[in-house]
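Q: Quick one: structure below, then a few questions.
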Amino acid sequence: MHDRVVIALIQRVVRASVVVDGDTVGAIDAGMLALIGVRRDDTTDNAERLLERLLGYRIFADAHGRMNLALRDTGGGLLLVPQFTLAADTRKGTRASFSSAAAPEAARHLFDHLVQCAGAAHTPVETGRFGADMSVSLVNEGPVSFILEA
């Protein structure tokens, strides 16, 4: 396994939505917004491992206020949004390099695979639109945000 893998910026939300050309293409109430970046060497195995982490990562409060519940425990919504810029290499300089990002068709294939697997494993699942200029709105609860890699 390589050290550069599919990445997600997850946020616990009260609600979140994605708008493309004035139309809402995806929206959830309480749950998780996951911005997804696909890197050059990522595989469907990476995407499936990421989904397991998304559904099982404990970011929701239990009865004692501790982050002990996962999305699969709460039944909250999952909003998956492709975000090319997450795959950037920002370690040097003042401008991101996208040489580590997957080519658009490979990234689309992996994102679509992630969405398909998510829909089979969890409800509700909503998405942004791959390759579109999207406006993402959210109310981050906490705020709680984490970077997950798989």
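The values are calculated or read from the model by the stated rules, or taken from the named source; none is laboratory data. Just so we're clear, the structure is a prediction, and the values are computed from it rather than from any experiment. With ideal geometry, Cβ positions are generated from the backbone for all residues, glycine too; neighbour counts draw on all protein chains shown. Note: areas computed on protein heavy atoms with side chains; ligands, DNA, RNA excluded. Shrake-Rupley method; radii C 1.70, N 1.55, O 1.52, S 1.80 Å.
Q: Find the residue count for segment 87-142, including only residues that are part of a helix (DSSP H, G or I) and in contact with a Pro (Cβ under 6 Å, 6 or more places away or on another chain).
A: Looking only at that region, the number is 1.
Q: Being modelled with pLDDT under 95 and hydrophobic (A, V, I, L, M, F, W, C) is the filter; apply it to segment 1-33 and report the residue that is farthest from S135 (Cα to Cα).
A: M1
Q: Could you please find all residues in segment 114-143 being in contact with a helix residue (DSSP H, G or I) (Cβ under 7 Å, 6 or more places away or on another chain) and crowded, with 16+ Cβ neighbours inside 10 Å?
A: L114, C117, A118, H122, V125, T127, F130
Q: Here is a follow-up. Limited to segment 103-113, what total is found for residues that are open to solvent by less than 70 Å² (accessible area, probe 1.4 Å) and more than 16 Å from the chain's Cα centre (by Cα)?
A: Going through segment 103-113 one residue at a time, the tally reaches 2.
Q: Also: Specify which of the listed residues (T85, T90, T74) is open to solvent by 40 Å² or more (accessible area, probe 1.4 Å), more than 15 Å from the chain's Cα centre (by Cα) and modelled with pLDDT under 95. Please lay out each step first, then the result.
A: Numbers: T85 fails: more than 15 Å from the chain's Cα centre (by Cα); T74 fails: modelled with pLDDT under 95.
After ruling out the rest, the residue left standing is T90.
Q: Continuing with the same structure: Only one of (1) touching a residue at least 40 places away in the same chain (Cβ under 8 Å); (2) among the small types (G, A, S); (3) closer than 16 Å to L114 by Cβ is not met by G56, so which one is it?
A: (1)
Q: Given V13, V5, V25, which one is assigned to a loop (DSSP other than H, G, I, E, B), in contact with a strand residue (DSSP E or B) (Cβ under 7 Å, 6 or more places away or on another chain) and of a type outside the set (S, T, Y)?
A: The match here is V5.
Q: Let me ask something else. Scan segment 39-71 residue by residue and report those that are open to solvent by 10 Å² or more (accessible area, probe 1.4 Å), at pLDDT 95 or above and touching a strand residue (DSSP E or B) at 6+ places or on another chain (Cβ under 8 Å).
A: Matches in segment 39-71: R53, G56, Y57, R58, F60, A61, D62, M67, N68, L69.
Q: Picking from A30, A8, which residue would you name as being open to solvent by less than 20 Å² (accessible area, probe 1.4 Å) and within 16 Å of the chain's Cα centre (by Cα)? Lay out the reasoning, then the answer.
A: On the way: A30 fails: open to solvent by less than 20 Å² (accessible area, probe 1.4 Å).
When all the criteria are applied, what remains is A8.
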